[in-house]
Amino acid sequence: MAARVEACTPCHGKDGEGTSDVYFPRLAGKPAGYLYNQLLAFKNGRRKYPPMNYLLEYLADPYLQEMAEHFAEQRPPLPASPASDVSQPVMQQGQALVTRGDPARQIPACGSCHGPNLTGMEPGIPGLLGLRPNYVSAQLGAWRYGTRTAKAPDCMQQVAARLTEADVTAVAAYLASRPAPINNAPGQKGAYVLPFACGSQSD
Amino acid sequence: MRVPSRILGLALLSLLAAPTADAQQQKSEAGGEIVKRGEYLARAGDCIACHTAPEGRAFAGGRAMPTPFGTLFSSNITPDRDTGIGKWSADDFYITMHRGRFPDGGLIYPAMPFASYTKVTRADSDAIFAYLKSIPPVNQKNREHDLRFPYNNRQLILGWRTLYFSEGEYKPDPSKSAEWNRGAYLVEGLGHCGMCHSPINALGGTSQSDAFKGGLIPMQNWYAPSLTSNREAGLGDWSIKDIVDLLKTGVSARGVVYGPMAEVVHNSLQYLTDEDTKAMAVYLKSIAEPASPPPAATKLPTSESSLLISLGKTVYDARCASCHGAQGEGKPPHWPPLANNQSIEMESAVNAIRMVLNGGYPPSTEGNPRPYGMPPFAGLLSDNEVAAVVSYIRTAWGNRGAPVRAREANELRSAPLN
């Protein structure tokens, strides 16, 4: 399988560990169901990044599933968390949103879906560790502007729509500052109950 | 999808037989069979590619087709009575396919390849119609075309028709075999290969005498090589097996498909029967011109081009040789050979440059469901390095193409990817 995905690795790293480009995400160890949903979304143009939309256009779904499983099974170490230049209050705002949310603005804690250790849950919820701040901001922005959509109900769109620019900067910085957990594997399906329904998690 | 050989036999008969035999055949063809045959023919015509929007319902139209004159939107051809072709008769449908006119006589834009479909027999047109009548109706209104003045005036199509459209069903050539005629019927008719593989003039038309002589597809910036010149994609010195492999699986010992041709194999050609694919191969091999024009002379001064080519070799050895081999021999069928590969040597270097910039996967097909891919190098190589490596592969190992300039690589960076 490694030879079949050599078209992907200059951008995503040999084992899907990511590369020095801050907008190119890590793939390794994310739930296979999540990765597969993303590949389908790129293939059908629901998620837009033209170089990937083009590569996947004529690949069969079962083959995309295999690619997803391949990268889900890789376990390269998480990168060391980069030094951050954001201020202490911003970091605290990020921590609050990730761990407690903001009930007044109906923002659930990120951890209520992405898991208490932020390692995600099978089959459709990705972990949030090992992602760089630029990538996280870009993705939250893409949901707000409608260039990234997930299967309906698109719960992540509902969350992103309630965040301000400042919230986005804060959560992106806080997430990137978290040390790697000893066990980075996503939780079992049904390990905890989501605050509201997500289409990505339905099957 | 396989069509029973008996039906195929019938199709062949209908192609070569007199009109009365057509009528008899229609009467004897039970409802289910005509629908199945129509489904197969719709595949051969690749109707689904244009008439289905991304993630849209099959045949409900609405796909945007950018042209130099504005954007066209394909029509809903499901049997919905209000928004599709539910009220059409088989005669109406034949007039569209054969004459490029709506039932009320209105002119159809040639983006609908009626200039090729005019060759389709009445019996085959009726079968496609029967199939389209059998699919689920979708209520979806056609989107207005978004064409600039004066192209939004359909009367202009008359001029195009006078120049480029000659109406008429395919006339079998009695001096050739039934197999050759079947291949010609599919390639010139339903396959509408000439729509891309012909020089595109300012009017967006292709003229008969230039049919299959190759052209740059407007708006997409891919070059569809000539199918008649052995210096381009003429298949004169390919074996029948390699042609069949290419059309049916997307990969072969001689080359691979990519870009718009990957779409054609993915949505259409892979579904054709072995007999039909072989017939197309026999015909394609026969139309390649034995004598070909002399190679293009280099546009670069020798000193400049030799520098470029030595940089190209460095890039090649570091970035490409692992898949395409130190001598450009490849590991066919999955990693195509670059040595002695016409599609790299031909005068237009557009495709080679774009492959280096964008990479690609051949399509998943039944014969090659898990293709190997090539990474995009747009982010890894400078314009100069792209020009260098393309110049190198076009001239190394006995290849006889001409070097290319960094400016050409730069211009193609902005080519649309979808």
Quiz item: Among the residues of the range B:41-60, is any modelled with pLDDT of 95 or more, in contact with a Gly (Cβ under 6 Å, 6 or more places away or on another chain) and surrounded by 16 or more Cβ atoms within 10 Å (Cβ to Cβ)?
Solution: yes
Practice problem: Residue by residue through the range A:1-60, note down the ones that are assigned to a helix (DSSP H, G or I) and at the interface with another protein chain (Cβ under 8 Å from one of its Cβ atoms). | Solution: A:A3, A:R4, A:V5, A:T9, A:P10, A:C11, A:P50, A:P51, A:N53, A:Y54, A:L55, A:L56
Self-check item: Condition met for B:G328 (touching a helix residue (DSSP H, G or I) at 6+ places or on another chain (Cβ under 7 Å), more than 28 Å from B:P199 (Cα to Cα), open to solvent by less than 40 Å² (accessible area, probe 1.4 Å) and more than 14 Å from every other protein chain (Cβ to nearest Cβ))
Solution: yes
Quiz item: When the range A:131-178 is examined, which residues are found to be under 16 Å from A:H114 (Cα atoms) and basic (K, R)?
Solution: A:R178
Practice problem: Could you tell me which residue of the range A:171-196 is most open to solvent (accessible area, probe 1.4 Å), considering only residues that are more than 13 Å from A:S81 (Cβ to Cβ) and either assigned by TED's automatic domain parsing to the domain that holds A:V136 or not in a loop (DSSP other than H, G, I, E, B) (or both)? | Solution: A:G187
Quiz item: What is the number of the single condition among (1) among the hydrophobic types (A, V, I, L, M, F, W, C); (2) under 24 Å from B:C196 (Cβ atoms); (3) part of a loop (DSSP other than H, G, I, E, B) that B:F149 does not meet?
Solution: (2)
Quiz item: Would you pick out the residues in the range B:109-134 that are surrounded by fewer than 19 Cβ atoms within 10 Å (Cβ to Cβ), at pLDDT 95 or above and not in a helix (DSSP H, G or I)?
Solution: none
Practice problem: Could you list, in sequence order, all residues of the range A:61-74 that are of a type in the set (S, T, N, Q) and either open to solvent by less than 20 Å² (accessible area, probe 1.4 Å) or part of a loop (DSSP other than H, G, I, E, B) (or both)? | Solution: A:Q74
Self-check item: Whichever residue in the range B:164-185 is in a loop (DSSP other than H, G, I, E, B) and open to solvent by less than 40 Å² (accessible area, probe 1.4 Å) and, among such residues, is nearest to B:I95 (Cα to Cα)
Solution: B:G168
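Per-residue answers, yes or no, for (1) open to solvent by 60 Å² or more (accessible area, probe 1.4 Å); (2) in contact with a strand residue (DSSP E or B) (Cβ under 8 Å, 6 or more places away or on another chain); (3) modelled with pLDDT of 95 or more; (4) not assigned by TED's automatic domain parsing to the domain that holds B:I240:
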residue: B:P150; (1), (2), (3), (4): no, no, no, yes
residue: B:N153; (1), (2), (3), (4): yes, no, no, yes
residue: B:G159; (1), (2), (3), (4): no, no, no, yes
residue: B:T162; (1), (2), (3), (4): yes, no, no, yes
residue: B:V187; (1), (2), (3), (4): no, no, yes, no
residue: B:H197; (1), (2), (3), (4): no, yes, no, no
Quiz item: What is the one condition in (1) touching a residue at least 60 places away in the same chain (Cβ under 8 Å); (2) farther than 30 Å from A:T164 by Cβ; (3) open to solvent by less than 30 Å² (accessible area, probe 1.4 Å) that A:P77 does not satisfy?
Solution: (3)
Quiz item: Which residues, counting only those in the range B:72-108, are outside any strand (DSSP E or B), under 16 Å from B:N152 (Cα atoms) and among the hydrophobic types (A, V, I, L, M, F, W, C)?
Solution: B:I108
Quiz item: Before we move on, is B:V251 buried (at least 23 other Cβ atoms within 10 Å of the Cβ) and modelled with pLDDT of 95 or more?
Solution: yes
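Every residue, every condition in (1) touching a residue at least 24 places away in the same chain (Cβ under 8 Å); (2) under 23 Å from A:K189 (Cβ atoms); (3) not hydroxyl-bearing (S, T, Y), yes or no:
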{"residue": "A:Q106", "(1), (2), (3)": "yes, no, yes"}
{"residue": "A:H114", "(1), (2), (3)": "no, yes, yes"}
{"residue": "A:L118", "(1), (2), (3)": "yes, yes, yes"}
{"residue": "A:P123", "(1), (2), (3)": "yes, yes, yes"}
{"residue": "A:L128", "(1), (2), (3)": "yes, yes, yes"}
{"residue": "A:N134", "(1), (2), (3)": "yes, no, yes"}
{"residue": "A:R144", "(1), (2), (3)": "no, no, yes"}
Quiz item: So is A:G45 modelled with pLDDT under 95 and touching a Lys or Arg at 6+ places or on another chain (Cβ under 6 Å) or not?
Solution: no
Quiz item: Take the residues of the range A:80-91 that are assigned to a helix (DSSP H, G or I) and either in contact with a Ser or Thr (Cβ under 6 Å, 6 or more places away or on another chain) or touching a residue at least 24 places away in the same chain (Cβ under 8 Å) (or both): which is farthest from A:A28 (Cα to Cα)?
Solution: A:V90
Quiz item: When you look at A:E66, is it in contact with a Gly (Cβ under 9 Å, 6 or more places away or on another chain), within 8 Å of chain B (Cβ to nearest Cβ) and either modelled with pLDDT of 95 or more or farther than 28 Å from B:A415 by Cβ (or both), yes or no?
Solution: no
Practice problem: Under 9 Å between Cβ atoms, at least 6 apart or on separate chains: pull out the pairs that start in the range B:242-264 with a residue that is facing chain A (nearest Cβ under 9 Å) and end on any residue that is charged (D, E, K, R) and in a loop (DSSP other than H, G, I, E, B). | Solution: B:A262/A:E57; B:E263/A:E57; B:E263/B:D46
Quiz prompt | Among the candidates A:D154, A:D167, residue that is open to solvent by less than 20 Å² (accessible area, probe 1.4 Å) and of a type outside the set (V, I, T) | solution = A:D167
Quiz item: Got a sec? Which of B:A321, B:A339 is without any contact (Cβ under 8 Å) to a residue 40 or more places away in the chain, open to solvent by less than 60 Å² (accessible area, probe 1.4 Å) and either closer than 23 Å to B:G373 by Cα or within 14 Å of chain A (Cβ to nearest Cβ) (or both)?
Solution: B:A321
Quiz item: Of (1) among the small types (G, A, S); (2) at pLDDT below 95; (3) crowded, with 22+ Cβ neighbours inside 10 Å, B:A64 satisfies all except one. Which?
Solution: (3)
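The values are calculated or read from the model by the stated rules, or taken from the named source; none is laboratory data. It should be emphasised that the depicted structure is a prediction, and the values quoted were computed from it without experimental measurement. Backbone-built Cβ (ideal geometry, glycine too); neighbour counts: all protein chains shown. We work out accessible area using only protein heavy atoms, side chains counted, and drop any ligands, DNA or RNA first. Shrake-Rupley method; radii C 1.70, N 1.55, O 1.52, S 1.80 Å.
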